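Notes follow once the structure below has been shown.
The values are calculated or read from the model by the stated rules, or taken from the named source; none is laboratory data. Given the structure is predicted, the values throughout are model-derived calculations rather than measurements. Note that each Cβ is placed from the backbone with ideal geometry, even for glycine, and that neighbours are counted across all protein chains shown.
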Amino acid sequence: MKNTYESPLASRYASDEMLYLFSPDKKFSTWRRLWIALARAEKELGLTQITGEMIAEMEQHITDINYDVAAEEEKKLRHDVMAHVHAYGAQCPKAKGIIHLGATSCYVGDNTDIILMREGLVLVREKIVRVLDALAKFAEEYKAMPTLGFTHFQAAQMVTVGKRATLWMNELLMDLEEVNFRISRLALLGSKGTTGTQASFMELFAGDTEKIKAMEQKIAAEMGFDSVVPVSGQTYSRKVDAAVAATLCGIAQSASKFATDVRLLCHLKEVEEPFEKNQIGSSAMPYKRNPMRCERICSLARYVIADAANPAVTAANQWFERTLDDSANKRISIPEAFLAVDAILNIYLNVASGLIVHPKVIEKHIMEELPFMASENIMMDAVLRGGDRQELHEEIRMMSIEAGKNVKELGLENNLIDLIAANPKFGMTKEALMVHMKPEAYIGRCPQQVEEFLRDDVAPALAPFADALSGAATELKV
């Protein structure tokens, strides 16, 4: 439909797999799986009114959700969970009377949210791994290529193109570690009842505490979890949502840092994002090659960073055992954070896999600044030739000011080497001075640092995810 609003996260940015994860089909089929797990556990623990035939009937209708019936029921009942209880019951007449037995709405709502967030984090993790792999290849290829380092976006000591990439990777490794931790710590709510006391299940199981505990563990195991939260009100703590959103926010920060660096490098014409044959950079200026993919990363990252405040504020404003001011907010803030981060990582992978390096431009910029960077080494060489260190320092300081004036005020080339060669106090020919004009002499341990980082940190982190690295290439929607 083109006459109603649709989220750009769905229509333009997020992948099909992440969109499915937060789709109605996935949500309500998970509700039904949870109702089956509850019924099965209750039957196995002695509730004789639940039969195998009932459970089999429920299993036949996990995915064929009768949305029309649910919609009609919600109009009458004004309650989404009970609407789906009735809709499921209409398809399962034998099981109708035992669906949702002993449970409250958060049994399906909250447990499903945990399941979806965990599956979302697994998908995000796979994409982080693929981005890291692409950047690792880039870092290895360019580990020894000198380039100007920048502090305050002013030329500083040299680094290498590959070493700079390891800074982007190191932040993603931090994100990967955080995602791994978050996945490992997610636990189901379980079956806690209306205020977390499990009073309804005490009634069903005649006060048998061990059976109630066993029921929760059976449900958790069927849904693929090792544990449930130890205590709760009606809901799991909304700090869980805030923690997940913070994890996603961290990924957005890392991606935005990368994209900002690439945007600046695009301006310098040193490194560019991929640019397709028929791509148009500007509707008015045909020559333009705007870094629109990196700009999109920054734009979406800004949304995620701002969105992370929603679950935090929600967690801070929960009253006692339950309020409902979380529901409308988390229906939007959590899925959209996942969709946006999914889109960010899709673009990140596309850019990281196709970065274009311009060595001649990088070399030109180096040679414009290298005379200044080489000045200390030149001074030491001149001292070894018999010069006075303090006198030479002052001479080179004054000549550097003159050379800087030539560059900045007159638009001339950096002539510091010529000035030194003409200064008798240094006693060095231009040929002798040019020995110090080798960029590779000023990159420190960059190549070794890249090799060590890739071997000792990146490779072990990626090793458990070999299957994710064999996935198909990511195709951008726009």
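Values computed for the structure shown
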| item | result |
| --- | --- |
| Some residue of the range 395-404 being surrounded by 14 or more Cβ atoms within 10 Å (Cβ to Cβ) and within 43 Å of the chain's Cα centre (by Cα) | no |
| Residue 213 closer than 13 Å to residue 192 by Cβ, basic (Lys, Arg) and part of a helix (DSSP H, G or I) | yes |
| Test: residue in the range 429-443 that is closer than 30 Å to residue 259 by Cβ, touching a Lys or Arg at 6+ places or on another chain (Cβ under 9 Å) and not assigned by TED's automatic domain parsing to the domain that holds residue 261 | yes |
| Hey, residue 455 basic (Lys, Arg) and over 26 Å from residue 378 (Cβ atoms) or not | yes |
| Residue match in the range 330-338 (condition: more than 21 Å from the chain's Cα centre (by Cα) and either at pLDDT 95 or above or surrounded by fewer than 14 Cβ atoms within 10 Å (Cβ to Cβ) (or both)) | no |
| When residues of the range 28-74 are limited to those that are assigned to a loop (DSSP other than H, G, I, E, B) and either of a type in the set (Ser, Thr, Tyr) or assigned by TED's automatic domain parsing to the domain that holds residue 114 (or both), the one nearest to residue 99 (Cα to Cα) | 51 |
| Boolean, residue 315 is of a type in the set (A, V, I, L, M), surrounded by 15 or more Cβ atoms within 10 Å (Cβ to Cβ) and touching a Gly at 6+ places or on another chain (Cβ under 8 Å) | no |
| Sole residue being of a type outside the set (S, T, N, Q), at pLDDT 95 or above, under 30 Å from residue 22 (Cα atoms) and touching a Gly at 6+ places or on another chain (Cβ under 6 Å), chosen from 196, 120, 190 | 196 |
| The listed residue being surrounded by 22 or more Cβ atoms within 10 Å (Cβ to Cβ), modelled with pLDDT of 95 or more and charged (D, E, K, R), out of 241, 226 | 241 |
| Residue in the range 403-425 that is closer than 17 Å to residue 373 by Cα and in contact with a Lys or Arg (Cβ under 6 Å, 6 or more places away or on another chain) present | yes |
| Every residue from the range 7-42 that is at pLDDT 95 or above, of a type in the set (Lys, Arg) and surrounded by fewer than 19 Cβ atoms within 10 Å (Cβ to Cβ) | 26 |
| Residue list for the range 162-204, restricted to those being small (Gly, Ala, Ser) and touching a residue at least 24 places away in the same chain (Cβ under 8 Å) | 162, 165, 187, 190, 191, 193, 196, 200 |
| Residue within the range 247-263 that is in a loop (DSSP other than H, G, I, E, B), at pLDDT 95 or above and touching a helix residue (DSSP H, G or I) at 6+ places or on another chain (Cβ under 7 Å) present | no |
| Identity of the residue in the range 124-157, aliphatic (A, V, I, L, M) and at pLDDT below 95, that ends up surrounded by the fewest Cβ atoms within 10 Å (Cβ to Cβ) | 156 |
| Index of the failed condition, residue 433 passing every other in (1) under 31 Å from the mean Cα position of the chain (by Cα); (2) modelled with pLDDT under 95; (3) farther than 22 Å from residue 129 by Cβ | (1) |
| Conditions (1) more than 25 Å from residue 235 (Cβ to Cβ); (2) in contact (Cβ under 8 Å) with a residue 12 or more places away in the chain; (3) of a type in the set (Asp, Glu): number failed by residue 72 | (2) |
| Any chance residue 387 is touching a Phe, Trp or Tyr at 6+ places or on another chain (Cβ under 8 Å), more than 21 Å from residue 162 (Cα to Cα), small (Gly, Ala, Ser) and not in a helix (DSSP H, G or I) | yes |
| Candidates 418, 388, 467, 457, filtered to the one that is without any contact (Cβ under 8 Å) to a residue 60 or more places away in the chain and within 30 Å of residue 131 (Cα to Cα) | 467 |
| Matching residues in the range 289-312 - criterion: being loosely packed, with under 15 Cβ neighbours inside 10 Å and either within 12 Å of residue 246 (Cα to Cα) or of a type in the set (A, V, I, L, M) (or both) | 306, 309 |
